[in-house]
Amino acid sequence: MSNKKKIAGFIGKKILRLISLLLVVSFVSFMLVQYSPIDPVRAYLGEMAVSAEHKEKLEEYWGVNTPPQEKFLNWAGSLLKGDFGVSLIYRMPVIDVIKERFKASLALMASSWLISGILGFILGVVAGMNKGTLLDRVIKTYCYVLAATPTFWLALVLLMIFSVYLGWFPIGLSVPIGVMAENVTFFDRLEHLILPALTLSVLGVAQIAMFTREKLIEVMSSDYVLFAKARGEKGLDLVLRHGIRNVALPAITLQFLSFSELFGGTVLVEQVFSYQGIGLATVSAGLKSDVPLLLGIVLISTVFVFVGNMIADIIYQFIDPRIKQQESTT
Amino acid sequence: MGNKTEINAKGKEKAEALLNVEDLSLSFIQYTSGLRQTELKVISNLSIQANRGEILAVVGSSGSGKSLLTHAILGILPSNAKLDGKIEYDGQVLTQKDKEDLRGKEIALVPQSVTYLDPLMKVSNQVIGAVEKGKEDLMKKLQREIFQQYNLKPEVERMYPHELSGGMARRVLVSTAVMSPAKLIIVDEPTPGLDEKTLNETLSYLKDMANKGSAVMLITHDIEAALKISDKIAVFYAGTVLEVANVEDFKNDGENLRHPYTQALWNALPQNKFQAIEGHQPMQDEVVDGCVFYERCYKKNELCSKGIPQIKKINGGVVRCNNVS
Ligand SMILES: Nc1ncnc2c1ncn2[C@@H]1O[C@H](COP(=O)(O)OP(=O)(O)OP(=O)(O)O)[C@@H](O)[C@H]1O
Ligand code: SF4
Ligand SMILES: [Mg+2]
């Protein structure tokens, strides 16, 4: 029960840290954008032709001629009120764009995170248990090859094989074209999800599998596994009783620490599959100088990665009995 | 196996050794620079016996190969180990497969330190071990009884290994062996870091096991502790046993002791002459042709540096030295 209190205190401290991190991130990215050759009015208008008068009004609206410090304060001020501004390219509130896109991406990221975690863990355990055998070498080679494969390249290959050549899956977009939003079924979404999720999972497997393999080999040659053997434990039971127990926690922790790679992978994969998620929005916002949206995404992704790290910390500090003990005695 | 044990028991007198190790040698294959393969010899021509109802102490300094001897008996050596010689249990020569079958049932190990417990598993689950289905309740009861007997409070059950104090850890480790029906119990270095009271307590547990008919092999470098409870003392030096003496032989100036090294060990004790001998045991990669104790021996002669001395039986003990009568 005091443990609950400790977790609460821990999270409180983390939130303070997150706030200061967000302050720095928002300031730095705002300034970066400020000093890059981006013209919000051009971005907003695109190829549209307007009168000079209208243009002047827009310039005033976007604050082209106000000094940067003042602009930052204005932006940060409305941010505090929950107002992220209006996206230039989607012409709706940034927060709505992010909500909608993030939801789509979340399905993609969550499924590939789970699949790569579970699959990678199993492969790592199998390889570690059979260290030095052909099976181990096959798994190891697979992981090395994957680790050296660029995400977008694998995405393209899968797209070509499954969508273009075999025609099993749609070529792009997270929902079918020309169907009203409310008519999009769960299966439609699933169909569009499978290939991008597969690409991300296949790539995510390598890191976790290699880590699990190393860790399992280390654990299986430890004194305590030796002793368990001396007491008559053996085979799969031994691995399940002592191996998995000691490998699971560090592996799960690692998986939570990989949120930043996950986000980066999503940006690339969404690009190739034209999956309408946050990654695609990020690229469009960047290419089309949609400053409010870009800044909004930067902040949201910071929170996303931060949450992953925080969960890893919590697992490390509050679930591992060894660390838990140390904390309470010091 | 059950049948055979019965027949054996009938045809044998009580003193028949439960464990008989003969001419055991152990080396590690190592790859040094390039692909050159070298053999590192850690145990050579070792012979000992452990009898039912007795405590055999194996005394030797650090790094002399004591733990590896226990690992050899249990068949838990690393894969680059090469084992020669014979290990007999209850009259039957043990293969690796036999060892795997006997572990935890007939032979139990009390390991050297708490690092031999799974850091993420509660103590009681480890003491109980992997249990067949249906027997869980029975084993749980047994574990509770043993904990009570060993003065381990109920809350210890739920602790993790790192939460145990030195004395508690020792009792938990000993109780893992008491849980098993094993008749040969190998106890590796149970005494370091224990205060006087816990030390005596631990020794008394071992004595209990022997009194109940088990053969106990006590591995230690603490000769005083060994003398308190053991029946026989095997003196281990540089990977082999130089002498097996009876406890009674350790008295006065050690004139009943057969080997110069045993005498030196005895005379080094504070309550005796408190004289340490010079030098150290040979390193594993040193090739010694003759007696392993040659460098430090005051009795040596020319013969000693040529060929390993033969084993001799003297006064109800065993010694490996040329110059004893
Ligand atoms: N896998 C291995 N490969 C090579 N050498 C090893 C290996 N394992 C142990 N040794 C060596 O064998 C020697 C004997 O080790 P062992 O652990 O049996 O000593 P010990 O008598 O139990 O010592 P201690 O009293 O410190 O426990 C040590 O010097 C060690 O370096
Ligand atoms: S054999 Fe020789 S060197 Fe070895 S202990 Fe006996 S007398 Fe000393
Ligand atoms: Mg040892």
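Throughout, read-outs are computed from the coordinates displayed, never taken from laboratory work. This is a predicted model, so every value here is computed, not measured. So basically every Cβ, Gly included, is an ideal-geometry build from the backbone, and we count neighbours across all protein chains shown.
What order do you get for B:D90, A:D223 when you list them from fewest to most C-beta neighbours inside 10 Å?
So the ranking, lowest neighbour count to highest, is A:D223, B:D90.
Put simply, the amide H of B:V110, placed in the peptide plane, has neighbours under 5 Å in B:I186, B:V187, B:D188, leaving out anything fewer than 5 places away on its chain. Ignoring aspartates and glutamates fewer than eight residues from A:K140 along the same chain, the ones with Cα atoms less than 16 angstrom from its Cα are A:E214. For the range B:120-178, a crude dipole built from +1 on the beta carbon of Lys and Arg and -1 on the beta carbon of Asp and Glu, taken about the Cα centre, is about 40 debye to the nearest 20.
With 21 Å as the limit, write out which pairs from A:K234/B:K99; A:K229/B:K105; B:K99/B:K133 have Cα-Cα distances beyond it, or answer none. Correct reply: B:K99/B:K133. Normalising the average separation of contacting C-alpha pairs (under 8 angstrom, six or more residues apart) by the number of residues puts the relative contact order of the range B:120-178 at 50 percent.
The orientation-averaged shadow of the Cα convex hull for the range A:185-326, equal to a quarter of the hull surface, comes to 12.0 nm².
Based on other C-beta atoms within 10 Å, arrange B:M217, A:M210 from fewest to most.
Numbers: B:M217 30, A:M210 21.
Arranged by neighbour count, lowest to highest, B:M217, A:M210 become A:M210, B:M217.
With a Förster radius of 51 Å applied to the beta-carbon distance between A:T149 and A:S20, the computed FRET efficiency rounds to 0.85.
Rounded, prolate or oblate: which fits the protein assembly as shown when a ≥ b ≥ c are the square roots of the eigenvalues of the alpha-carbon gyration tensor, with rounded for a/c under 1.5 and prolate only if a/b beats b/c?
Values: a/c = 2.88, a/b = 2.72, b/c = 1.06.
Verdict is prolate for the protein assembly as shown.
Dipole of the protein assembly as shown computed with +1 at Lys/Arg Cβ and -1 at Asp/Glu Cβ about the Cα centre; of B:N322, B:L142, A:V157, farthest Cα towards the positive end is B:L142. Place +1 on the Cβ of every Lys and Arg and -1 on the Cβ of every Asp and Glu in chain B, take the dipole about the Cα centre, and give the residue among B:A50, B:L68, B:L117 whose Cα lies farthest towards its positive end. The one lying farthest along the dipole's positive direction is B:A50. Put a dot 7 Å past the Cα of A:K13, heading toward its Cβ, do the same for B:I308, and the two dots end up 5.9 nm apart. For A:I311 and B:L138, the FRET efficiency from 1/(1 + (r/R0)^6), where r spans their Cβ atoms and R0 equals 56 Å, is about 0.85. Each residue of the range A:271-281 is assigned a 3J(HN,Hα), and the resulting list reads 4, 5, 8, 6, 7, 6, x, 5, x, 5, 4 Hz, derived from the Karplus form 6.51 cos²θ - 1.76 cosθ + 1.60 (θ = phi - 60°), x at Gly and Pro.
Our coupling estimate for the range B:85-99, obtained by passing each phi through the Karplus curve with A = 6.51, B = -1.76, C = 1.60 and θ = phi - 60°, is x, 10, 10, 10, 10, 6, x, 10, 5, 8, 8, 4, 4, 4, 4 Hz, Gly and Pro reported as x. FRET efficiency for the pair A:Y142 and B:S62, taken as 1/(1 + (r/R0)^6) with r the Cβ-Cβ distance and R0 = 56 Å, rounds to 0.80.
When the Cα positions of B:N246, B:H221, B:M283 are compared along the charge dipole of the range B:206-325, B:N246 comes out farthest toward the positive end, with charges on each C-beta of Lys, Arg, Asp and Glu. Given axes a ≥ b ≥ c from the Cα gyration tensor, I'd like to know whether chain B is rounded (a/c under 1.5), prolate (a/b larger than b/c) or oblate. In terms of gyration-tensor shape, prolate.
For chain B, the dipole from Cβ point charges (+1 on Lys and Arg, -1 on Asp and Glu) about the Cα centre works out to 460 debye, to the nearest 20. According to the square roots a ≥ b ≥ c of the eigenvalues of the Cα gyration tensor, what is the shape class of the range B:275-314, taking rounded for a/c under 1.5, prolate for a/b larger than b/c otherwise, and oblate for the remainder? Verdict is oblate for the range B:275-314.
Karplus-derived 3J(HN,Hα) values for the range A:100-113, using 6.51 cos²θ - 1.76 cosθ + 1.60 with θ = phi - 60°, are 5, 5, 5, 4, 4, 5, 4, 4, 5, 5, 4, 5, 6, 5 Hz; glycine and proline are entered as x. Put in line by how crowded their Cβ is, counting other Cβ atoms within 10 Å and starting with the fewest, B:D98, B:D188, B:D137 read B:D137, B:D98, B:D188.
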